[in-house]
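J.: The structure under discussion is supplied below as structure tokens; questions concerning it will follow.
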């Protein structure tokens, strides 16, 4: 059966690409909302949260890579310190959300909880790297605001993901493998 699993994985690549495009759409949509220049809402994480339930680990990593590189291109930060902070935060967020999703028994944590955990991991890593690599201890001044806004944003993104998971017929079909 190795050939059939390979065919199935290849058939799912367009769906991974679609979710990557959704991440880029949401990353672009963020520009409509007024935020401090050092803060992103994290809307691009919505497709990753939704995909945790039906993509394999390699597919999720590919989705994360599409999101991170795509955001760097869309934002014009691909070769900058901002890209380093953003991609490190995205990786930390993904690792925490994935581990929590896989290790905590189903029903014990919602997408809101996963989103909050991911948001806190992302923001903590970004503040830490900012302290170590860029601004030094002065970064601590912004940490409470960053973590506070991240909590609110994490709640909102998680609520949106939970709502889509509950009411989207298309998402149910995708989960069942009927992505048409």
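FYI, it's all coordinate maths here, none of it is from the lab. This one's a predicted model, so the numbers in the text were calculated from it and none came from an experiment. Glycine gets a Cβ as well: all are built from the backbone with ideal geometry, and neighbour counts include every protein chain shown.
J.: Restricting to Cα pairs below 8 Å that are 6+ residues apart, what does the relative contact order work out to for the stretch 2-175? Please round to a whole percent. Provide the component values of the computation, followed by the final result.
T.: On the way: 170 pairs, mean separation 39.1, N = 174.
Relative contact order, the stretch 2-175: 22 percent.
J.: Among (1) 17.4; (2) 16.9; (3) 15.9, which is the computed Kirkwood radius over Cα pairs in Å?
T.: Here Kirkwood radius over Cα pairs in Å agrees with entry (2).
J.: Where does helix 57-75 land angle-wise versus the long Cα axis of the chain, in degrees 0 to 90, nearest 10?
T.: 50
J.: Just need the relative contact order of the stretch 1-95 here, percent rounded to a whole number, with Cα pairs under 8 Å and 6+ apart.
T.: Worked out over the stretch 1-95, it gives 29 percent.
J.: Please report, to two decimal places, log10 I(q)/I(0) for the stretch 88-180 at q = 0.15, 0.16, 0.22, 0.24 Å⁻¹ as given by the Debye formula with identical point scatterers on the Cα atoms and no solvent.
T.: -0.66, -0.73, -1.07, -1.16
J.: Ranking request for peptides 10-19, 59-68, 115-124: highest mean number of other beta-carbon atoms within 10 Å first, then the rest in descending order.
T.: So the peptides 10-19, 59-68, 115-124, ranked by packing, come out 115-124, 59-68, 10-19.
J.: Between residue 106 and residue 73, what FRET efficiency comes out of the Förster formula 1/(1 + (r/R0)^6) with R0 = 35 Å and r the beta carbon distance, rounded to 0.05?
T.: Calculated transfer efficiency: 0.45.
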